[in-house]
Amino acid sequence: MKTPHSGTRRSPAAAARASVEFRAVTKRYGSVMAVDAVSFTIEPGTLVTLLGPSGCGKTTTLRLIAGLEMATAGRILIGGEDVTARSATDRDVSMVFQSYALFPHMSVIENVAYGPSVQGVRKADAEAMAAETLALVGLRGLEQRSTSELSGGQQQRVAVARALVLEPQVLLFDEPLSNLDAKLRRRVREDIRDLQQRLNLTVAYVTHDQEEALAVSDRIIVMAHAQVAQEGSPRELYEAPASLFVAEFIGDANIVAAEVGAIVGAEATVRLADLELRLPHRGARPGAVRLAIRPDAISLAETGGLAGTILKASYLGKVREYTVRTAIGDLFVTVPGRAEALVPGRAVGVGFTADGIVVLPE
Amino acid sequence: MKRSLATAVAGGWLAAGWVAFALLPWYWLDLSRGLQDFVDFPLGVGGSALALGVAGDRPWLLLLAFPLLLATLALVLPLARGPGGALLTLGGVLGGLYLLAQGFAIGLKGWDWGWLGAAFGGTPRQEGLGPGGTLLLLAFLLLTCQGLARRGWCRGDAFVVSAIGTVVALIALFVFFPVARVLAHAVIDPSGAFALAGFVARISDHSIWGLDCLAGPLRCGVAWNTLLLASLVGVGSTLLGLAFALVATRSNSRFKGVLRILSVLPIITPPFVIGLALILIFGRSGIASTLLAEWLDVPRSRWIYGLPGILLAQLLAFTPIAFMILIGVVQGISPALEEAATTLRAGRWTTFRTITFPLLRPGLANAFLVGFVESMADFGNPLVLGGNYDVLSTKIFFAVVGAAVDESRAAVLAIVLLSFTLLAFFVQQAWLGKKVYTTVAGKGDGGLPAPLPRRVALLAAAVVAPWSVFMISVYGIIMVGGFVKSLGRDYTPTLVHLSTAFRIDWGNHGLRFAGSAWDSFFATIQVAAVAAPLTAALGLLTGYLLTRQSFAGKRAFEFGTLLSFAIPGTVIGVSYIVAFNVPPFELTGTGLILVLCFVFRNMPVGVRAGVATLSQIDRSLDEASLTLGASSATTVRRVVMPLLRPALIAALVYSFVRAMTSVSAVIFLVSAKYNMATTYIVGRVEAGEFGLAIAYSATLIVVMLLAIVGIQLAVGERKLGRRAAPQPTGRTL
Ligand SMILES: Nc1ncnc2c1ncn2[C@@H]1O[C@H](COP(=O)(O)OP(=O)(O)OP(=O)(O)O)[C@@H](O)[C@H]1O
Ligand SMILES: [Mg+2]
């Protein structure tokens, strides 16, 4: 067998990674608005996740980047170059499909060598590049297998290798982990992140699993109803959601009504039932507001704080989950699993930690 | 790099256009005359358009240079994509239109468009388009497509635009144009004037619509005859097909294998052969008639000639089609549905009545319509068995080739027939259209189909068993009949029929194919072998466009391709002689017209096979290839085609077999040089040489079986990554 000579691959740092920019891009299917005047920028060498509920337009956005769909209106730029009118063939973008889309009539190595070979690279060179990329994703030794003789995780990596082999400016993933079981999902997502950072790739990644998005992304774009609901780093989205929708979608949140009192500097006094909290006001004016309270920002004690009654209890090993009935509504609470069990019907005192509570802008 | 490829392709077509214009023989030539046509080249019979325009008497050809220059400018000038594309499109469209217009305006005997003659005077003449003319027309078409692609059509993909343009142009030229010509023929009287009154009189003629048979012993109009026959065949073949399908899928009878074979045999049997076998069994001197006469003194009669005979023959021929439609539907009913009903305490009969049967209804309607249309389009059986029972297809034939040639009457009858089949087609599309393509999902959803209720099972078996015996005996006759002296009279085994047809002599000049059938046999194989790959290619390409590309007018495009299936062969045959007997497309008497006829008659099967297979192949495979930088053309070649092998086999086999077995259209188009096996056999039947006809038919059936096996071997399996021995894998994950 031929050993791939190291000259075929440019060093990761030298590879030109491009930014992706959407300027008010719209995609309409007949009367259905799949993407509605969406604008965002993906910086070179970052992994950005498109996150949102089913049907919000994530796949469509990805396909617009790839050139598999043509924008109805707006501009798309890759590496600063306007590619709006270019077909998929002419864009330097590769995609990993949800179904992997491995060519069933080709072996693993033929699949990966397909890209270079249609670019006119000689067969031997194409296979050398393919073998090198397969080694990169940890599949050395499986080159001659047929794709149907691989496990789900291995197929997924072949799909990644096939997309990587041309060193595209941008790499796209459409729910790449949805066919894998929970354990494997965690490992493969770490592999993808690792690869992305090692090769300094520009990646757009679609998922509707918020935990996955928080784990792998440099930045997250939350989409809702064909529009961008919020864009930011995982931490910004979790700690400062811009809307009720984002607060509920990223991590669980209890949404409760409260009253803003006096505002001092960046902070405000917020009345929650008979408690008083000091929270960043985030632009809220005195009067009625809504708060998002993370389930782990609530503590349960014998007495003190807000009076409540345990309604439901479940034990998940690492944590215990409770639903507690209080004057401000039913609250969803998680406490460490090692804490003492509380049975339904029991009276408790509910306390709050200020750093897990945010005021939602109206 | 890719854009320069597109420019190269456009440049190639432009060069081909100039060559066609300046160098190639412009008009149709008979190549069998050798080089004699080229003595005056570039002038004379084999002259080029440029030479004939400059120095000959055909100056109007020179105008073709103008659109070619436009296209050249568009490619040479450094224009931006938009305006350059517009100029290229303009050149292509102008050139194509002018080329067609001059071809239709000036014919063999002078001006065909009188008003132009009045304006220009003179009597220019010209023959049909030849190599040069055809190539230039194609070049204009493809340059137009290149221009449209540059203007952004189909995401700027020139391959896709060209494919669409080519398919549309071919269907327009070889399906819609001839049919339109026939329609025009019906409303134009022999002198060429528009005569609506005459048309109304002819189409409402008593011989077509008369209802005398209701009142007395007289005959009804031919339209009613056809409708009655088609309805009986539709109902009968559907019921029989259903019985077969139920027995094949829902009972554990040992018949199953036999049923499979019985369902394939009629497909490779020339349709009239069944009629012939019926004559040999039930005719005046047939086997059954003889036995009955000798043993029971039942007088011999001619009852088989007429409605009973045609009905029986068509039921035998078309029940397998109904069976194949219905077996798909029966298998497609998820056992889970029936199991659900059973767990809800429904008995077997209730389950059948409330779940199974309603789910079968669309399939039944589909099978009925297919039987109905097939019966109307059938020509061979009514010809062989019709007696005094006239149907439209035979009437059309005799109006064209009979004692009293009356082309406008043929045209009128063709319109009536066409309206019936189109009506059935529209009903099917409107009512069932969406279900046509739904295939059985790849997922096996487990469960066992409910066993048939006892009464249904008994009924089905009671129908299936005797019918199978009947079918087997018909095929027994076909296989035996050619190898005895005279069926019904003298059963001495003999090879004399076979040797009359297929004798090979060793003469002074070596091998000589002396048998009377060799000419038609070789012509048939040749035409079928040329037509089959063309049909498959065109059909699969169309299927690809329909499933994988979106473009404006796609629904109309799809409808057009399917529509050609609903046009009966007799109508196609008549329309081809009407349309392609005169310039600019002068094709009658050639082998080419037979090939074209088969390609466009059978293309819809390729389309269906392609659509069915492609819709089972995940679309993201194509998209993955596109995002890896492959063009559409490369994607088709390297990803789509290898996965389409089953559809390719189906399309090749079907078109090959149909080209060898069909009669209705070709009987109008055969010539002394290109006689087809089927028309030769029909001729033998009419001359009473049954032994020869049967021997020849049996030979054809064997040849087709061999061809099917050959095609399977040649195309090969679709290898879906099942490699024989797994390689040593070294380190696995
Ligand atoms: N080809 C199409 N024709 C018409 N509507 C479409 C088409 N493709 C997508 N849509 C619609 O566009 C909207 C966005 O679809 P998209 O596939 O982008 O959703 P998604 O965010 O990827 O959802 P999911 O998480 O379920 O995959 C949906 O309402 C969908 O029904
Ligand atoms: Mg999606």
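The values are calculated or read from the model by the stated rules, or taken from the named source; none is laboratory data. None of these values were measured; they are calculated from a predicted model. FYI the Cβ positions are ideal-geometry reconstructions off the backbone, even for glycines, and counts take in every protein chain you see. Areas reflect the complete protein model, heavy atoms only, side chains present, ligands, DNA and RNA absent. Shrake-Rupley method; radii C 1.70, N 1.55, O 1.52, S 1.80 Å.
Observations
- Long-range tail of P(r) for the protein assembly as shown (Cα pairs > 60 Å, %): 28
- Three-way shape label, region B:603-663, alpha-carbon gyration tensor, a/c 1.5: prolate
- With DNA, RNA and ligands ignored, accessible area of A:Arg75 (1.4 Å probe; Å², nearest 10): 110
- Helix axis angle, B:271-282 relative to chain B longest principal axis, alpha carbon, degrees: 30
- The solvent-accessible area of B:Arg637, taken with every protein chain present and a 1.4 Å probe, is close to 150 Å².
- Accessible area, probe 1.4 Å, largest first, for residues B:Trp295, B:Trp209, B:Trp111: B:Trp295, B:Trp209, B:Trp111
- Here the protein assembly as shown is assigned +1 on the Cβ of each Lys and Arg and -1 on the Cβ of each Asp and Glu. Its dipole about the Cα centre then comes out at about 1480 debye.
- Under the Karplus curve 6.51 cos²θ - 1.76 cosθ + 1.60, θ = phi - 60°, whole-Hz ³J(HN,Hα) for region A:288-302, x wherever Gly or Pro sits: 6, 9, 10, 10, 9, 10, 5, x, 8, 8, 10, 10, 10, 10, 4
- For chain A, built as a Gaussian network whose Cα springs stay under 10 Å, the top-fluctuating residue of A:Pro286, A:Pro116, A:Pro44: A:Pro286
- Going from the chain on its own to the full set of protein chains, region A:127-172 has these residues losing 50 Å² or more of accessible surface (heavy atoms, 1.4 Å probe, no ligands, DNA or RNA): A:Gln144, A:Arg145.
- Förster-model FRET efficiency, 45 Å R0, A:Glu81 and B:Gln616, C-beta, rounded to 0.05: 0.75
- To the nearest ten degrees, helix A:182-199 and the longest principal axis of the Cα atoms of chain A are 60 degrees apart.
- Sorted largest first by accessible area at a 1.4 angstrom probe radius, with every protein chain in place, the residues B:His185, B:His206, B:His497 fall in the order B:His206, B:His185, B:His497.
- Occluded residues from region B:624-667, i.e. those whose accessible area drops by 50 Å² or more once the chain is not alone (1.4 Å probe): B:Thr627, B:Leu628, B:Arg638
- Cysteines (scope chain B) whose Cβ has no counterpart Cys Cβ under 4.7 Å: B:Cys145, B:Cys154, B:Cys597
- Kirkwood radius and radius of gyration were both taken over the C-alpha atoms of region A:198-277, and their ratio Rg/Rh is 1.10.
- Convex hull of region B:500-715 built on C-alpha atoms - directionally averaged projected area, nm²: 15.4
- Annotation: amide H-H contacts under 5 Å for A:Gln98 (H modelled 1.01 Å from N, sequence separation of 5 or more, or interchain): A:Asp174.
- Rotationally averaged projected area of region A:12-244 (alpha carbon convex hull; nm²): 13.0
- Whole-angstrom gap from region B:450-522 to region B:88-137, using each part's C-alpha centre: 51
- When the square roots of the Cα gyration tensor eigenvalues are ordered a ≥ b ≥ c, the ratio a/c for region A:302-361 is 1.5 or more and a/b does not exceed b/c, which makes its shape oblate.
- Accessible-area value, B:Met641, 1.4 Å probe, nucleic acids and ligands omitted, Å²: 70
- Phi-based couplings in Hz for region B:696-707 (Karplus 6.51, -1.76, 1.60; Gly and Pro marked x): 5, 4, 4, 4, 4, 4, 5, 4, 5, 4, 4, 4
- Residues in region A:71-120 that, when all protein chains are in place, have 50 Å² or more less accessible area than the chain alone would give (probe 1.4 Å): A:Thr89, A:Phe97, A:Phe103, A:Pro104, A:His105, A:Tyr114, A:Val118, A:Gln119
- Backbone N within region A:248-274 under 17 Å of label point (7 Å from A:Asp330 Cα along the Cβ vector): A:252-257
- Shape of chain B, Cα gyration tensor, a/c cut at 1.5: oblate
- For the protein assembly as shown, the solvent-accessible area of protein heavy atoms averages 44 Å² per residue (probe radius 1.4 Å; ligands and nucleic acids excluded).
- Pair-distance profile P(r), taking every C-alpha pair of region A:252-359, with 10 angstrom steps and integer %: 15, 47, 27, 11, 1
- Degrees, to the nearest 10: A:123-136 long Cα axis against longest axis of chain A: 30
- In nm, spacing of pseudo-spin labels at A:Ala24 and B:Phe120 (7 Å Cα→C-beta vector): 5.4
- Pairwise burial B:A, computed as accessible area of each alone minus the pair, summed, 1.4 Å, Å²: 3200
- Charge dipole of region A:252-359 (Cα centre as origin; +1 on each Lys and Arg Cβ, -1 on each Asp and Glu Cβ, all else neutral): 180 debye, rounded to the nearest 20.
- With every protein chain in place, the protein assembly as shown: carbon and sulfur % of accessible area (1.4 Å): 62
- Using only side-chain charges placed at the Cβ, +1 for Lys and Arg and -1 for Asp and Glu, the dipole size of region B:500-715 relative to its Cα centre rounds to 340 debye.
- With both labels modelled 7 Å from their Cα along Cα-to-Cβ, the B:Ala184 to A:Ser314 distance reads 7.6 nm.
- Between B:Ser207 and B:Ala22, the simple label model (points 7 Å from Cα in the Cβ direction) yields a spacing of 5.8 nm.
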